[in-house]
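Notes follow the structure.
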């Protein structure tokens, strides 16, 4: 079950001084899936999935996990180790990639992660396909 389908934008320090017509912030369509609600009879290793797709061309060659990941996880009270993070990149829109979050440093209660990427595998794609229509055109790695 998708319990969030909306847009997240990168903020700018000077966004209150610039009209949205002059400059656009990078934006992603974020869909959050709760597998526990969709398939309650199974114990899920990762009960949530976040699927991020660029909603418009932006000026940054970045991904959502690096730029907005902490904010999205905080807003929905999700733990990264219990979340499958899937993205499509602007430079490669016909493929999907999965983020692997590796703890790299700790600062008080905060953990900072290195994000590695791999093309989506067949089992990961099968998990999100019932909820994400455009996943039907993606070919997983074997």
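Counting residues in the range 119-132 that are closer than 21 Å to residue 8 by Cα and either assigned to a strand (DSSP E or B) or out of contact with any strand residue (DSSP E or B) (no Cβ under 9 Å at 6 or more places or on another chain) (or both) gives zero.
Residue check: is residue 111 in a strand (DSSP E or B), closer than 19 Å to residue 48 by Cβ and at pLDDT below 85?
Criteria met by residue 111.
Of the numbered criteria (1) touching a residue at least 60 places away in the same chain (Cβ under 8 Å); (2) in contact with a helix residue (DSSP H, G or I) (Cβ under 7 Å, 6 or more places away or on another chain), the one residue 76 fails is (2).
Conditions tested, residue by residue: (1) surrounded by 10 or more Cβ atoms within 10 Å (Cβ to Cβ); (2) farther than 25 Å from residue 133 by Cβ; (3) modelled with pLDDT under 90.
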{"residue": "29", "(1), (2), (3)": "yes, no, no"}
{"residue": "58", "(1), (2), (3)": "yes, no, yes"}
{"residue": "93", "(1), (2), (3)": "yes, no, yes"}
{"residue": "105", "(1), (2), (3)": "no, yes, yes"}
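The values are calculated or read from the model by the stated rules, or taken from the named source; none is laboratory data. In this text, all values refer to a predicted model and were calculated from it rather than measured experimentally. We place every Cβ from the backbone using ideal geometry, glycine too, and count neighbours over all the protein chains shown.
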